[in-house]
Amino acid sequence: MAAYDPNNVFARILRGELPCKKVYEDEFAFAFHDIQPKAEVHVLVIPKGAYVSLADFSATAPDAMVAGFWRAVGRVARELGVEERGYRIASNIGREAGQIVFHFHVHIVSGARRP
Ligand code: 5GP
């Protein structure tokens, strides 16, 4: 697994160096709208820590972080109002799987797809 690059785009968003459309924040997680939404609702949730991917996060994050992060994912979906109609969560792990930003993130996707 490649080393974490502290200058990846999501690290820079977390530090406030790049703008984003913020949805939610707590001590464990930060959520914002995807810049190129693939559906009516497309939000990214990232942990407040240096994790390359879910593989890295699940292996190395402290239990409190793992619990806090996944609670935040559920809460963001609830607050986005997508629980009733349903939503999909996805996380690409590795370049071949389509990961382009190497700071662990979960996609929350709901509603009509966009081209
Ligand atoms: P991945 O393919 O790594 O799972 O997903 C990365 C996601 O990040 C893509 O859906 C892409 O549109 C989004 N993205 C890339 N750069 C930015 C950015 O600067 N701001 C925001 N809000 N989203 C970004």
(Q) Contact list please: Cβ distance under 9 Å, first residue in segment 91-115 and farther than 13 Å from Asp34 by Cα and more than 6 Å from the ligand (Cβ to nearest atom), second residue assigned to a strand (DSSP E or B) and not aliphatic (A, V, I, L, M), pairs at least six apart or on different chains. (A) Ser91/His107; His103/Pro47; Phe104/Pro47; Gly111/Glu40; Gly111/His42; Ala112/Glu40; Arg113/Glu40
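Could you tell me which residue of segment 90-115 is surrounded by the fewest Cβ atoms within 10 Å (Cβ to Cβ), considering only residues that are aliphatic (A, V, I, L, M) and more than 22 Å from Tyr4 (Cβ to Cβ)?
My answer is Ala112.
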Q) Taking interchain pairs and intrachain pairs at least six residues apart, which have beta carbon atoms under 8 angstrom, with the first residue in segment 68-83 and aromatic (Phe, Trp, Tyr) and the second modelled with pLDDT of 95 or more? A) Phe69/Phe28; Phe69/Ala29; Phe69/Val45; Phe69/Pro47; Phe69/Phe57; Phe69/Ala61
Q: Go through (1) within 14 Å of the ligand (Cβ to nearest atom); (2) within 13 Å of the chain's Cα centre (by Cα); (3) outside any loop (DSSP other than H, G, I, E, B) and name the single condition Arg12 misses.
A: (2)
Q: Filter segment 19-32 for residues that are near the ligand (Cβ under 6 Å from one of its atoms) and either without any contact (Cβ under 8 Å) to a residue 12 or more places away in the chain or under 18 Å from Trp70 (Cα atoms) (or both) and give the result.
A: Phe32
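The values are calculated or read from the model by the stated rules, or taken from the named source; none is laboratory data. Given the structure is predicted, the values throughout are model-derived calculations rather than measurements. No Cβ is skipped: glycine too gets one built from the backbone with ideal geometry, and neighbour counts run over all protein chains shown.
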